[in-house]
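*Asks:* Here's a structure for you.
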Amino acid sequence: MVQFLSDARPPVETGIPSSAEAVSDSDLLDAYSRTVAGVAKKVSEAVVQIKVDKVRGRGRRPYSPGGAGSGFIISSDGYIVTNSHVVNGASRIEANLQDGRQFEARLVGEDLATDLAVVQISAEKLATASFGDSGKLQVGQLAIAIGNPYGFQYSLTAGVVSALGRSLRSESGRLIDDVIQTDAALNPGNSGGPLVDSHGRVIGVNTAVILPAQGLCFAVASNLASFVAGKLILEGKVRRGYIGIAGQMIRLNASLAQQLQLETESGILVQQAEPEGPARHSGLQPGDVIVGFNGQPVHSIDDLHRCLSESTIGQACELLVLRNRRRERIRIVPAELP
């Protein structure tokens, strides 16, 4: 008995999705669109446009150039988070809400070191946005930026969190450590607006964009922004310590660093100490090289800034310095940064 084999052939893979796959892709797109639209509906009413007047010039004819940015309402009593560079030096601040209402705002406080500020309006029936936990963010998750670019009343862009833990230098010269990198497009006027997740929780405050680059936008992480905003509301400022020196980072001689069992290969060369500053009172001298603070290695000025937190103000601290190629420990009491 002869058995004939079937002439059926396995299906040829054409690269064209089946109807079931096409439906699945469509559903995914709809889910993405629904998520973004839902976030926009949930958060948009809390986003405000901020207009400022900044008096420039002296004499009889000072002029008042206008500026604009974004912000978002965080409480029913009218507190709004924005960027410091949006409102710094403003003679008048105006907040325009999505429902068309306009209010004059007062500056509650600003922190140049993190480029954050809080203003307040006196209004009722305000929509608010809530901070999320930026410590739980993951690279690749959805990020949505909302603001008022180029003076338009409202705009939304979507992307992903492309990197975490970045550092960005603020206009004050200090590093902002807890920075989120995203490819959600930011444009002039987006500054101070919220960066939110798929649930509409604020995960960052949009602050900067690298103009020559594509897709490099930055936001101050929500955990830091929430802390700074709270301090500004309660105290009007964020307190930080300082020791009153002018210095620069230098590389240490490798053999000397090994011989002295140092934990760093660089330090801060003290060039000058303020006449009545903590450094002068402690006996710190030009030519000393700071390599440690309270047991923590100090590689650069930025490391020293991180060490000089509010908790160090008025407290006895210990500097580890190199003087005449020897280790010296110097007691110092940081003062409050003016």
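Just so it is clear, none of the values below were taken in a lab; they were calculated from the coordinates. Keep in mind that this is a model prediction, so the values were computed, not measured. Note: ideal-geometry Cβ built from the backbone for every residue, glycine included; neighbour counts use all protein chains shown.
*Asks:* What residue among N83, I243, I73 has its Cα farthest toward the positive end of the dipole of the chain, where the charges are +1 on Lys, Arg and -1 on Asp, Glu, each on the Cβ?
*Replies:* So the residue furthest toward the plus end is I243.
*Asks:* What list of ³J(HN,Hα) couplings, whole Hz, do you get for region 195-203 from phi and the Karplus terms 6.51, -1.76, 1.60, once you set θ to phi - 60° and write x for glycine and proline?
*Replies:* Here the 3J(HN,Hα) series is 9, 10, 8, 5, 9, x, 8, 6, 10 Hz.
*Asks:* Grab the DSSP H runs of the chain that are 4 residues or longer, score each as -39,500 (n - 2.57), total them, divide by all residues and round the 222 nm result to the nearest 500 deg cm²/dmol.
*Replies:* On the way: 6 runs with 61 residues, N = 338.
After summing the helix terms and dividing by residue count, I get -5500 deg cm²/dmol.
*Asks:* With an 8 Å cut-off on Cα pairs and a minimum separation of 6 or more residues, tell me the relative contact order of the chain in percent. Please report the intermediate quantities before stating the final value.
*Replies:* On the way: 793 pairs, mean separation 41.2, N = 338.
This gives 12 percent for the chain.
*Asks:* Name the residue, out of K42, K125, K51, whose mean-square fluctuation peaks in a Gaussian network model built on the chain with Cα pairs under 10 Å.
*Replies:* K125
*Asks:* Rounded to the nearest 0.05, what FRET efficiency do A123 and R169 give with R0 = 41 Å and r taken as the Cβ-Cβ distance? Could you check? Working shown, then result.
*Replies:* Values: r = 35 Å, r/R0 = 0.86.
Step by step, r from the Cβ atoms, then E = 0.70.
*Asks:* Filter the GluC sites (Glu not before Pro) in region 199-295 down to the DSSP loop ones having no more than 11 other Cβ atoms within 10 Å, then list what survives.
*Replies:* Numbers: sites: E235, E263, E265, E276; in loops: E263, E265, E276.
Sites meeting the loop and neighbour criteria: E276.
*Asks:* I've got another one for you. Report, as a whole number in µm² per second, the diffusion coefficient that Stokes-Einstein gives for region 241-336 at 25 °C and 0.890 mPa s using the Kirkwood radius over alpha carbon pairs.
*Replies:* Details: Rh = 13.1 Å.
Rounded, D is 188 µm²/s.
*Asks:* Still on this structure, I have one more. Take the alpha-carbon positions of region 134-222, form their convex hull, and give its projected area averaged over all directions (one quarter of the hull surface) in nm². Working shown, then result.
*Replies:* On the way: hull surface 21.9 nm².
Result: a mean projected hull area of 5.5 nm².
*Asks:* Would you work out the charge dipole size for region 134-222 about its Cα centre, treating the Cβ of every Lys and Arg as +1 and the Cβ of every Asp and Glu as -1, and quote it to the nearest 20 debye?
*Replies:* Its charge dipole is roughly 80 debye.
*Asks:* Taking the alpha-carbon centroid of each part, what is the distance from region 233-270 to region 31-45 in angstrom?
*Replies:* Centre-to-centre distance over Cα atoms comes out at 46 Å.
*Asks:* Here's another thing I want to ask about it. Tell me which lysines have Cα within less than 25 Å of K41's Cα, excluding those fewer than 8 residues away on the same chain?
*Replies:* Straight-line reach from K41, under 25 Å: K51, K125, K136.
*Asks:* Between R323, R106, R92, where does the largest GNM mean-square fluctuation fall for the chain, given springs only between Cα atoms within less than 10 Å?
*Replies:* Of the options given, R323 has the highest mean-square fluctuation.
*Asks:* Residues with beta-carbon under 10 Å from that of L284, excluding L284: net charge, scoring Lys, Arg +1 and Asp, Glu -1?
*Replies:* Numbers: positive: R280, R323; negative: D288, E328.
Local charge sum for L284: 0.
*Asks:* So who's got an amide H within less than 5 Å of the one on R92, skipping anything under 5 residues away but keeping other chains? H placed 1.01 Å off N, in plane.
*Replies:* Amide H to amide H, under 5 Å and 5 or more residues apart or across chains, R92 pairs with D53.
*Asks:* A follow-up question, please. Under a Cβ-only charge scheme (Lys and Arg +1, Asp and Glu -1), can you give me the dipole magnitude of region 241-336 about the Cα centre, in debye to the nearest 20?
*Replies:* Details: 9 positive and 11 negative charges, 89 e Å.
So the magnitude is around 420 debye.
*Asks:* Taking the Cα centre of the chain as the origin, how large is its charge dipole in debye, to the nearest 20, when only Lys and Arg (+1) and Asp and Glu (-1) carry charge on their Cβ atoms? Walk me through the intermediate numbers first.
*Replies:* Details: 32 positive and 34 negative charges, 273 e Å.
Around 1320 debye, computed over the chain.
*Asks:* Under a 5 Å amide H to amide H cut-off, with H placed in plane at 1.01 Å, what residues pair with S155 once short-range neighbours are removed?
*Replies:* For S155, whose amide H was placed from the backbone, the distant partners under 5 Å are G147.
*Asks:* Still on this structure: For the chain, what is the Kirkwood estimate of the hydrodynamic radius, computed as the reciprocal of the mean inverse distance between distinct Cα atoms, to one decimal in Å? Numbers along the way, then the final one.
*Replies:* Numbers: mean 1/r = 0.0433 Å⁻¹.
Result for the chain stands at 23.1 Å.
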